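Here it is, the structure in full.
No lab work stands behind these numbers, since they all come straight from the coordinates. The model shown is predicted, which means the values in this text are computed figures rather than measured ones. Every residue, glycine as well, gets a Cβ built from its backbone with ideal geometry; the counts of neighbours run over all protein chains shown.
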Amino acid sequence: MKKLTQILVLACLVMTLIVPIAQASEQLVVQGSTTVLPIAQAAAEVFMQDNSQANISVRGGGSGNGIAALIDGTCDIADASRSIKVKEVILCQKKGISPVGNIVAMDGIAVVVNTSNLIDGLKMEQIKDIYTGKINNWKELGGTDMDIVIVGRDSSSGTFETFESIVMKGARVSPAALAQGSNKTVATIVSTTKGAIGYVGLGYLNDTLKALEVNGVEVSHETVGSGKYPISRPLYMYTDGAPEGTAKQFIEFIWSAEGQKIVTEQGFVALQ
Amino acid sequence: MKKSLHLKDKIMKNVCFISSLTSIFFLTGITIILFKEGLPLFKEIGFAEFFLGKSWYPTFDPPDFGMLPLFIGSLWITFGAILIAAPFGISIAIFISEFSSPKTQIFLKSMIELLTGIPSVVFGFLGLVFLGPWLQKLLGLPVGLNSLTASLLLALMAIPTISSLSEEALFSVSRHFKEASYALGATKWETIIKVVVPAAFPGINTAIFLGIGRVIGETMTVLMVAGGAAIIPHSFLQPARPITATIALEMGETVVGSSHYHALFALACVLFILNLLLNLTANYLFVKPRRT
């Protein structure tokens, strides 16, 4: 009996060593932006059903982490909600990696307020003035007399970077802004705080939030897809060189009609 | 047979020895990595700029790495939490050790232990959806996520640490002290306040310091309920952003090897040193009076 257990334990140990090697050829690791995460996850599930030998593991961690993992060679596809930075390109060159960005979907950043807010739309300039702290009461914008509570994202998230480059244009966000770690918490705070203003990805809009028109353009799949809505951005999957093998199949799957349907289902905008 | 037992003994002893070494190994490793990744920041910016700088704009061009708002945010919320947790924790300890029957004692102790078992994310969630909005309505604040909400929740988390350690300290006060006090005609209350608590004071102090250590390192709750504004708070009704929350918030998305990355590690070093000092103080306070 004792011998049997020993043999079993040994067999288990050997198996754990062998199994990963046996699967390595079809293993695909996708890591990066939490914004792209739902697309990658949903697409991977369907893709693995169709291709039983493929084994895709999808992780979040943020755009920066994904690209760092691509540079270190610990992932095959790096999801990013921003384009690669110059600093990261330099690191890539050092390690002999040539990052290629494959756009898989479009994402719009909606500016949201509490549903009780009377304001329906703002100019880009006004949003900027709110976020720098220049305008700090809704009264100044024609709303009720109420302090504005600025809610934003942490300064290293892809959503923040997009917002900063499109809306802030080099101005600093007020330090009094509440920096939050995810789209979800921004949505929660704005929906429970009367004077709050925040920004979230298009997929996070729901009945508990009121999305503002920006420069008179309503945020919707059509306006983001056509680029008419001013705060929109592409979402990337970075690969080392042009995608090959399983990575190529996977990205081509997302580009297909079926893949783009998943993109829409996850609340993002399909490529046009 | 005897020989093989001997061998087993030896093997077990060595296994235990190596296990105890691993903790030292990991501690050294963590310390080395923290400083190795944190110190390169000072090649790029000066010490004063980091320690005394008042603005934290790590991704701006050019970036600002002033840790003062974060450092004060941490201390501020911890101060608030201990202000609430210390009296509560000590009162609980006095009640358990002096006033309650053995049955209530066991019941209360296990309840408090259960409180320790609640994950910090649950506290954070309660704060985010319940306590925050409630305080906001009650006090008519613009936003419910602020230092006060964070301090209240952290106090709840520090109370078990403070009360169980204080209770131990009170319990270990010699019976003779109390008897002497009663013999002199002191009431129970006078005995507790004038004899038992002073005698247990070193232990209670240690409890408070360990409570501070527990609170200052707490991450998830403050990340969720402190608001996350990198300003130097002037009141408990303002949002704040402690060091731990900043690291958790920004580490995931920063470029590895950038100055922002090094700055976050430097923050971790500050926290590490702060916690080390707190633990050393707690140990010192505990050991010293026993020698006398």
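Classify the protein assembly as shown: rounded, prolate or oblate, from the alpha-carbon gyration tensor (a ≥ b ≥ c, eigenvalue square roots; a/c under 1.5 rounded; otherwise prolate if a/b is larger than b/c)?
It is oblate, given that a/c is not under 1.5 and a/b is not larger than b/c.
Right, something else. Looking at this model, which pairs from A:Lys123/B:Lys137; A:Lys184/A:Lys210; A:Lys128/A:Lys210; A:Lys87/B:Lys54 are more than 22 angstrom apart at the alpha-carbon?
A:Lys123/B:Lys137; A:Lys87/B:Lys54
Distance between the C-alpha centers of the range A:157-207 and the range A:243-263? Whole Å please.
Their Cα centres are 30 Å away from one another.
Which of rounded, prolate or oblate describes chain B when judged by the alpha-carbon gyration tensor and an a/c cut-off of 1.5?
It is oblate, given that a/c is not under 1.5 and a/b is not larger than b/c.
Excluding same-chain residues fewer than 8 positions from B:Lys10, which lysines have a Cα within less than 18 Å of its Cα?
B:Lys2
Explain nothing, just compute: Karplus ³J(HN,Hα) = 6.51 cos²θ - 1.76 cosθ + 1.60, θ = phi - 60°, for every residue of the range A:76-81 in order, whole Hz, x for Gly and Pro.
9, 10, 9, 6, 8, 9
What is the average number of partner chain Cβ atoms found within 10 Å of a Cβ in A:188-200?
3
Report the antiparallel proportion of the DSSP beta bridges in the protein assembly as shown as a percent, rounded to a multiple of 5.
Beta bridges within the protein assembly as shown, antiparallel portion: roughly 60 percent.
When the Karplus curve 6.51 cos²θ - 1.76 cosθ + 1.60 is applied with θ = phi - 60°, which whole-Hz ³J(HN,Hα) does each residue of the range A:52-61 get, with x for Gly and Pro?
Going residue by residue, I get 5, 7, 7, 10, 9, 10, 10, 10, x, x Hz, with x marking Gly and Pro.
Next up: Apply the Karplus parameterisation 6.51 cos²θ - 1.76 cosθ + 1.60, with θ equal to phi minus 60°, to every residue of the range B:143-158 and state each ³J(HN,Hα) to the nearest whole Hz, in sequence, with x for glycine and proline.
Karplus-based 3J(HN,Hα) across the range B:143-158 equals 9, x, 8, 8, 4, 4, 4, 4, 4, 4, 5, 5, 4, 4, 7, 8 Hz.
Based on DSSP H assignment, which helices of chain A show an axial Cα extent of at least 18 Å together with a mean Kyte-Doolittle hydropathy greater than or equal to -1.0?
Length and hydropathy pass: A:2-23, A:37-50.
Using a Förster distance of 25 angstrom, determine the FRET efficiency expected from the C-beta separation of B:Ile193 and B:Leu108, and round it to 0.05.
Approximately 0.75, to the nearest 0.05.
Determine the relative contact order of chain B: mean sequence separation of Cα pairs under 8 Å and six or more apart, normalised by residue count, in whole percent.
26
Let me ask something additional. Which residues' amide hydrogens lie under 5 Å from the amide hydrogen of A:Glu213, considering only partners 5 or more residues apart or on another chain, with H built in the peptide plane?
Long-range HN contacts for A:Glu213: A:Gly121, A:Leu122.
Further question on the same structure: Pick out which of B:Ala207, B:Ala229, B:Ala86 has the largest mean-square fluctuation in a Gaussian network model of chain B, springs linking Cα atoms closer than 10 Å.
B:Ala229
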